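S.K.: Got a structure here, written out as structure tokens. Questions coming.
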Amino acid sequence: MSEVRVPTLGESVTEATVATWFKQPGDAVAADEMLCELETDKVTVEVPAPSAGVMGEIIAAEGETVGVDALLATIVAGDGAAAASAPAAEPAPAAAPAAGGDSVDVMVPSLGESVSEATVSTWFKAVGDTVAQDEMLCELETDKVSVEVPSPAAGVLAEIIAPEGETVDASAKLAVISSSGAVVAAPAAAPAAAPAAAGKDVENAPSANKLMAEKGISAANVQGSGRDGRIMKEDVLKAALAPAAAPAPTPAAAPRAPSAAEDAVREERVKMTRLRQTIAKRLKDSQNTAAMLTTYNEVDMTETMALRKQYKDEFEKKHGARLGFMSFFTKACCHALKEVPEVNAEIDGTDIVYKNYVHMGIAAGTPTGLVVPVIRDADKMSFADIEKAIAEKGRRARDGKLSMAEMQGGTFTISNGGVYGSLMSSPILNPPQSGILGMHKIQDRPMVINGEIKIRPMMYLALSYDHRIVDGKGAVTFLVRVKEALEDPRRLLMDL
């Protein structure tokens, strides 16, 4: 028999909540197959099977809070676990009043520490649809993350209790799955009739409202396919691709100024997601806490670009990774941090903690928001190691697979707004760090070189720093050292 235990959850994290079990007692499991998902206050952690066999007893049920190394379940070799696990599965029918003895309730999964409610964002299935076990039924939004709710059993979606846009608490019932295919038609249809009669009062899916706002599409130009004609996310995507949708905004061409009522019809009000509300709060807290100041400089990228162009093919052939600019900037920052250690320090009460290492945070934009994966001991890594680490962390960030440990412990951050076309900006500190470097767009500009005007590829650099421990001299010195290293990359090789 094998034991399934809580893995290491990351720095300073001692407990997690069991969010979802993907396997039930008696199910066959393969080695490394995902058994369950744990949630902490920051990230979701998947727990793989330590060995192949049959799922035995589930010790920690969904919603239960467990500590590091706590016993979650057991795996038994062979088929003996199926009979022993029967009592564990028995309570499910008792909690299903809607569709008879063969129904299973879909409950709100654990939302994480200190999170007591969520908003139903999108239903991927409608009443009457066939669903497979673990197939995603709906998506919930909290103030920290978006949570997908899988089907606890195979069958037919018999009833949706919590429609899109409704706020539910951590123990609420969302829907009912019927294994016999019975659909609770009457209760589901009754509340839907009133919004249908109201026409425009039908509330669209929050994800659809968000997408319409992003793409500048009016709800009047979208044909809803959801219940009672409500607009779903897929409807907005179709409308965005349809060429015939352009002629709609005729009122804007009217020669007279529109009235306030007409303006209101053309406006779209979209509620902020809980995740976006949290991001807004934390960024503002960062401004309120630190004595943040930004200093600027510019760097001539001629030599760095020439070196990259000369060796990028050989580099990729040997190391299996593309040679980008981020490794040059990471190396240059590590070099400068050794000379100006206060930029790599942090305040702890009345103490200043100097870090004799560089854990470099690389800010990355993802579909769900900004994340900052950390490359540990970047000051000891080669160009190839840095490029491989950045590529791997970026891929995991986009796929939503970063663990909490991968986003903790950074001592300094680099943010590259240039990939989006930013010419100049003031980056916001990532507490408790005391410095963040902002990279920007490389743009050809006329520069005076030895009394002659020449066109050079220039980039503005911005260093935001905490003025409580970093003086102006230190900040300027840091930025000058970064500039010198990039304008003459040979200095990095000679440790100058």
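Here, each number is a calculation from the coordinates, and none is a lab measurement. As the structure is a computational prediction, the values presented were derived from the model and not from experiment. Because the Cβ atoms are built from the backbone with ideal geometry, glycine has one as well, and the counts that use them run over all protein chains shown.
S.K.: Can you list the residues, at least 5 places off or on another chain, whose amide H is less than 5 Å from the amide H of residue 140, using H built in the peptide plane?
M.R.: Residues meeting the criterion, in which the H sits 1.01 Å from N, are 121, 147, 148, 149.
S.K.: Identify all lysines with a Cα-Cα distance to residue 173 below 26 Å; exclude those on the same chain that are fewer than 8 residues away in sequence.
M.R.: Qualifying lysines at Cα under 26 Å: 23, 42, 125, 144, 210, 233, 271.
S.K.: Would you kindly state how much longer the chain becomes between residue 241 and residue 494 on full extension, computed as 0.36 nm times their sequence separation minus their alpha carbon distance, in nm to one decimal?
M.R.: Details: separation 253, 0.36 × 253 = 91.08 nm, distance 5.46 nm.
Separation in residues times 0.36 nm, less the Cα-Cα distance, equals 85.6 nm.
S.K.: Then there's this: At 0.36 nm per residue, and after removing the present C-alpha to C-alpha distance, how many nm does the segment from residue 1 to residue 382 gain when stretched out fully? Spell out each step's value before the answer.
M.R.: Details: separation 381, 0.36 × 381 = 137.16 nm, distance 4.38 nm.
Gain on extension, residue 1 to residue 382, equals 132.8 nm.
S.K.: What ranking do 346, 262 get, fewest neighbouring Cβ atoms within 10 angstrom at the top?
M.R.: So the ranking, lowest neighbour count to highest, is 262, 346.
S.K.: Which of 129, 495, 466 comes first, and how do the rest follow, when ranked by fewest Cβ neighbours within 10 Å?
M.R.: On the way: 129 13, 495 7, 466 25.
Ordered from fewest to most neighbouring Cβ atoms within 10 Å, 129, 495, 466 come out as 495, 129, 466.
S.K.: Name the aspartates and glutamates eligible as straight-distance cross-link partners of residue 454: C-alpha to C-alpha under 12 Å, and not fewer than 8 places from it in the same chain.
M.R.: Reachable aspartates and glutamates: 300, 444.
S.K.: Under a crude label model (7 Å from the Cα following the beta-carbon direction), how far is residue 424 from residue 266 in nanometres?
M.R.: 3.4
S.K.: Moving on. Neighbouring Cβ atoms within 10 Å as the yardstick, rank 107, 136 fewest first.
M.R.: Working: 107 18, 136 13.
Ordered from fewest to most neighbouring Cβ atoms within 10 Å, 107, 136 come out as 136, 107.
S.K.: Non-local amide H neighbours of residue 292 (under 5 Å, H modeled in plane, Pro and chain starts lacking H): which ones?
M.R.: Residues meeting the amide H criterion: 467.
S.K.: Could you give the nm distance between label points at residue 352 and residue 445, where each point is 7 Å from its Cα heading toward the beta carbon?
M.R.: Label-label distance for residue 352 and residue 445, simple model: 3.1 nm.
S.K.: In nm, give the distance between the simple-model label positions of residue 471 and residue 313, each being 7 Å from the Cα along the Cα-to-Cβ direction.
M.R.: 5.1
S.K.: Full extension from residue 52 to residue 215: what is 0.36 nm times the residue separation minus their Cα-Cα distance, to one decimal in nm?
M.R.: Details: separation 163, 0.36 × 163 = 58.68 nm, distance 4.74 nm.
Roughly 53.9 nm would be gained on extension.
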